[in-house]
Amino acid sequence: MVLSSYDLSLWEISRRALRSEKLKFSFDKSTNIDIQNLSNSISDLAPSIIIDIKNDIKGIKNQIMIFNDERMIGIISEKEPEDMGCIWIPIGAKKFWKDFERRVLHLVEAGYPGCIGCGGPGKDDVWNEGENRIKLRKEIN
């Protein structure tokens, strides 16, 4: 099965989020994201995973920035960032959040990050953000 660049990006940002210790989401409050629900679900499924999840509701409308200990690891936005260490996902914030929650909880239920072979598609590949962005641009045009 061939996955879209969006799906591969979603798997990668989900894995990175679960490997984070100080996870922070920045978004505009009108985006209406329930961070607490995600945090509670992770805790219920895997009490051993301890992630300090915070939110900052001073962000830009229809954009979500994801940080690990103040370093941006992902951005959901139409505007492409310059930082190639940051996963760019050019999709609406609400669609992303729904998919992201589902993917993160799937990984947690499977035992990620402490399991062998349960990280989903692309888990064994070295992430190439530049290559993925080229594919994303082709897919959205």
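A few comments on the model shown:
- Per-residue [θ]222 nm for the chain (sum of -39500 (n - 2.57) over DSSP H runs n ≥ 4, rounded to 500): -13000 deg cm²/dmol
- Efficiency of FRET from Cβ geometry, Ser43 and Asp83, R₀ 30 Å, rounded to 0.05: 0.50
- Using 0.36 nm per residue and subtracting the Cα-Cα separation, the extra length available between Asn128 and Lys94 on full extension is 9.7 nm.
- Electrostatic dipole magnitude of region 5-140 [Cβ: Lys, Arg +1; Asp, Glu -1; Cα centre; debye, to 20]: 320
- Expressed in units of 2.2 N^0.38 Å, where N is the residue count, the Cα radius of gyration of region 1-96 is 1.06.
- Cysteines of the chain lacking any other cysteine Cβ under 4.7 Å from their own Cβ: Cys86.
- Lysine pairs in region 5-140 whose alpha-carbon atoms fall under 13 angstrom of each other, counting only those eight or more residues apart or on distinct chains, come to 8.
Since every read-out is calculated from the coordinates, none of them should be taken as a lab result. Note that the structure is a prediction, hence the values are computed from the model and not measured. With ideal geometry, Cβ positions are generated from the backbone for all residues, glycine too; neighbour counts draw on all protein chains shown.
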